[in-house]
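Since the structure comes first, as structure tokens, the remarks are kept for the end.
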Amino acid sequence: MTASARLLIVGPQGSGKGTQGVRIASAFGIPVVSTGDMFRANIKGGTELGQQVTAILDRGDLVPDELTGEIVRDRLSQDDAANGFLLDGYPRNAAQVGHLDEFLTARGEALDAVILLDVPREESIARLKLRADEQGRSDDTEEAIAHRLDIYENETAPILAVYGERGIVDSIDGVGSLDEITERIMSALSARGLTLAA
Ligand code: ADP
């Protein structure tokens, strides 16, 4: 049984939002819509889009808002996202928040909750270094990591104020075991009435 939930997970690089996002989405039976994963899939597949964004990702810069917005709109328009979705990595700045609002409002929808995974900067840098050794992601170089964390602090963290005013942000302590953190998120969502269908 799937339960309707329109969710966004936000957190600094290395906060574990990708891992937790997959867990939460599968519990609710909704798709994860991860812009980073979509870009990486295109790069791997050698598509035109992939070629357009390779250098941008390697530098740790943001892909232009128009291009990113188009990809997200296409993905959210697919049937499996009609009843809900979990966004990971989008929106990432104020302009993208505006684009998403416009798109959802036109469909008579809105985000139900924004999950903020709170992890100290030193902890996320330590986790990213570990991931760089394990996965060899081409944007996990020291420069690209520092650049992405700066963009997170300067452009992404401020969008939480916007969602905070709407009363939909759940700030979750992102330090602990994977299961503990999943539990924290599920109970915060449940307190909002977002529960799994029986
Ligand atoms: P991380 O959170 O570790 O930076 P992501 O997988 O979320 O990893 O994103 C990887 C890269 O994909 C980003 O550095 C950026 O180049 C691009 N990207 C992802 N989401 C967006 C977005 N919403 N807007 C612009 N670029 C994005």
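The values are calculated or read from the model by the stated rules, or taken from the named source; none is laboratory data. Bear in mind the structure is a predicted one, so any value in this text is a computation, not a measurement. Cβ sites come from the backbone with ideal geometry, for glycine too, and all protein chains shown count toward neighbours. Remember, those area values only see protein heavy atoms, side chains included, never the ligands or the DNA or RNA. Shrake-Rupley method; radii C 1.70, N 1.55, O 1.52, S 1.80 Å.
Would you mention how many residues in the range 131-173 are of a type in the set (Lys, Arg) and modelled with pLDDT under 90?
Qualifying residue count, the range 131-173: 2.
If Asp80 passes every condition in (1) free of Cβ contacts under 8 Å to residues at least 60 places away in the same chain; (2) of a type outside the set (Lys, Arg); (3) in contact with an Asp or Glu (Cβ under 6 Å, 6 or more places away or on another chain) but one, which one does it miss?
With respect to (1) free of Cβ contacts under 8 Å to residues at least 60 places away in the same chain; (2) of a type outside the set (Lys, Arg); (3) in contact with an Asp or Glu (Cβ under 6 Å, 6 or more places away or on another chain), Asp80 is out only on (3).
From the list Ser26, Ser77, Ser15, Ser4, exactly one residue is near the ligand (Cβ under 10 Å from one of its atoms) and either of a type in the set (S, T, N, Q) or within 19 Å of Leu196 (Cβ to Cβ) (or both). Which is it?
Only one candidate qualifies: Ser15.
Looking for whichever is within 13 Å of the ligand (Cβ to nearest atom), open to solvent by less than 10 Å² (accessible area, probe 1.4 Å) and of a type outside the set (D, E, K, R) here; the options are Val32, Val53. Which one fits?
Val53
Residues of the range 142-177 being open to solvent by 60 Å² or more (accessible area, probe 1.4 Å) and hydroxyl-bearing (Ser, Thr, Tyr), which ones?
Ser171
Mind listing whichever residues of the range 82-107 are more than 10 Å from the ligand (Cβ to nearest atom) and in contact with a strand residue (DSSP E or B) (Cβ under 7 Å, 6 or more places away or on another chain)?
Gly84, Phe85, Leu86
Which ones in the range 111-148 are out of contact with any strand residue (DSSP E or B) (no Cβ under 7 Å at 6 or more places or on another chain), in a loop (DSSP other than H, G, I, E, B) and either of a type in the set (A, V, I, L, M) or within 21 Å of Ile56 (Cα to Cα) (or both)?
Matches in the range 111-148: Val119, Gly136, Arg137, Ser138, Asp139, Asp140, Thr141.
Which residues, counting only those in the range 149-183, are part of a helix (DSSP H, G or I), among the polar types (S, T, N, Q) and in contact with a strand residue (DSSP E or B) (Cβ under 8 Å, 6 or more places away or on another chain)?
Once the filter is applied, which keeps residues that are part of a helix (DSSP H, G or I), among the polar types (S, T, N, Q) and in contact with a strand residue (DSSP E or B) (Cβ under 8 Å, 6 or more places away or on another chain), the range 149-183 yields only Thr156.
Looking at the range 117-125, can you tell me whether even one residue there is hydrophobic (A, V, I, L, M, F, W, C), closer than 22 Å to Phe39 by Cβ and surrounded by fewer than 16 Cβ atoms within 10 Å (Cβ to Cβ)?
no
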